[in-house]
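Please read the structure below before turning to the comments.
The values are calculated or read from the model by the stated rules, or taken from the named source; none is laboratory data. The shown structure was predicted, so the numbers you read here are calculated from the model rather than taken from an experiment. All Cβ positions, glycine included, derive from the backbone under ideal geometry; neighbour counts span all protein chains shown. Just the protein is used for accessible areas: all its heavy atoms, side chains included, with ligands, DNA and RNA removed. Shrake-Rupley method; radii C 1.70, N 1.55, O 1.52, S 1.80 Å.
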Amino acid sequence: MKRFLTIAFLLIASLMAFTSSSYAETKKYDSWNSVIDEMDAILNESYDIYFMKDTDKAKEKVNYAYFGFYEKHGVERAVMSYISGKRGTDTEYQFAKIKRLMTEGAPNKVVRAEIDTIIKMLHEDANELDGKKESGWSVLLASFIIIFREGLEAILVIAAISAYLVRSGNMPMVKMVYLSSLVAVFASILMAIALHTLFDISGANQEMLEGGAMLLATVVLFFVSNWMFSKAEAEAWKNYVEGKVQSAVSSGSGFALGFAAFLAVFREGAETILFYQAMLAEAKEHMDMVWYGLGIGSVVLAIIFILIRFGTMKLPIKPFFIGTSVLMYIMAIAFAGGGVKELQEADIIPVTPVDFVHSIDILGIYPTVETLLPQLFMVLVVVISVVYLKVKHGKKSS
């Protein structure tokens, strides 16, 4: 608990130190509609350029509207906080759809229709955002949503790993997990500063970094969950207690556990700091509610951590190990979809829409072929891995 509060304190301290940065200085718009009006002009300009057969420059304009305005000036954060996460995801994919059509050389009228669609969506969101009087309670709720949404996955990973280590008699290893989390907080602060000063604050560099971290986390979490599941059977547990696997925990597997905790915190840490930085710049007279929302969200996450870390300790060994490994499997599958989505936003991976699928952020499910395929592959790999381990344990016990 003390270590979790330390992580929360470091995040808050970094936000306070980062609040007076140049974001507030660069923000020059008095309403969301004024931001969207400029995006409207840029998107129409992108169509005019596409009409003149300059595809690359037209796509650059679309990217400028997305990275330079939708992300940089906080529209994305406001939509996801005050409207819905699904709306934010739908808007992101509409930008990607326009660029895909341009790349494919789609007819002018098709590109025009999709640009009109995104412009309509943006104005609808701006009207809704401007129509809402930003009360203190709405700011508090938005602040709570940010820290809860961004921190939930990290808390689930850290709590499950630490609970597993304690239950398996490796209490000293828990320190590595907590230390890795603290290092990740510092790394996130440094990355937020780098993204803000060395790179475009919310450009493709950030999406590439987050996507790469999530895909790496997918591999690490799969390894960790597989390792946990392999200890669920009684005979494997007996061998474990006798020390036959102890060396693996203190060496390679121990590093993997710490690295999984690091990635869980780091992958969203920088973005969380930048989101709050933008929110503090906009909050004006309700700035205190930003801190209240962050504090309440941190407390809720701490409670979730405690419930997993201590509440599951009385479960029998086999259900406990299976439960923690299943949680890791789910996180690995979710990270696979989320990682690909980030790389799609950075224009590294194409976008092929799947209309009948709806976005589920917490599970990393998004309506594209490219995000769903790796998740289906991960599900298949998990099933094969579990069957293999069951058969292996069955042979040993017979």
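Which of the following residues is more than 21 Å from the chain's Cα centre (by Cα) and modelled with pLDDT of 70 or more: Leu307, Leu263, Leu315?
On the way: Leu263 fails: more than 21 Å from the chain's Cα centre (by Cα); Leu315 fails: modelled with pLDDT of 70 or more.
Testing whether each residue is more than 21 Å from the chain's Cα centre (by Cα) and modelled with pLDDT of 70 or more leaves just Leu307.
Just to be sure before I move on: is Ala96 open to solvent by less than 20 Å² (accessible area, probe 1.4 Å) and farther than 19 Å from Glu370 by Cβ in the structure I sent? Spelling it out, it is not the case that Ala96 is open to solvent by less than 20 Å² (accessible area, probe 1.4 Å) and farther than 19 Å from Glu370 by Cβ. Restricted to region 17-119, the set of helices (runs of 4 or more DSSP H) holding at least 2 residues that are at pLDDT 90 or above comprises 32-51, 55-65, 85-103.
The single residue among Ser247, Ser180, Ser225 that is of a type in the set (S, T, N, Q), at pLDDT 70 or above, open to solvent by 10 Å² or more (accessible area, probe 1.4 Å) and part of a helix (DSSP H, G or I) turns out to be Ser180.
Just one of (1) at pLDDT below 75; (2) open to solvent by 10 Å² or more (accessible area, probe 1.4 Å); (3) under 17 Å from the mean Cα position of the chain (by Cα) fails for Glu153. It is (1).
Which members of region 352-371 meet the condition of being of a type outside the set (Ser, Thr, Tyr), in a helix (DSSP H, G or I) and open to solvent by less than 40 Å² (accessible area, probe 1.4 Å)? Lay out the reasoning, then the answer.
Restricting attention to region 352-371, the residues satisfying the condition of being of a type outside the set (Ser, Thr, Tyr) are 353-358, 360-365, 367, 369-370.
Next cut, in a helix (DSSP H, G or I) only: 361-363, 369-370.
If the condition is that a residue be of a type outside the set (Ser, Thr, Tyr), in a helix (DSSP H, G or I) and open to solvent by less than 40 Å² (accessible area, probe 1.4 Å), then Glu370 is the only one that fits.
Residue-level analysis places Gly338 among those that are in a helix (DSSP H, G or I), surrounded by 21 or more Cβ atoms within 10 Å (Cβ to Cβ) and of a type outside the set (A, V, I, L, M, F, W, C). Here Lys72 clears all of (1) closer than 28 Å to Arg149 by Cα; (2) within 24 Å of the chain's Cα centre (by Cα); (3) open to solvent by less than 40 Å² (accessible area, probe 1.4 Å) except the condition numbered (3).
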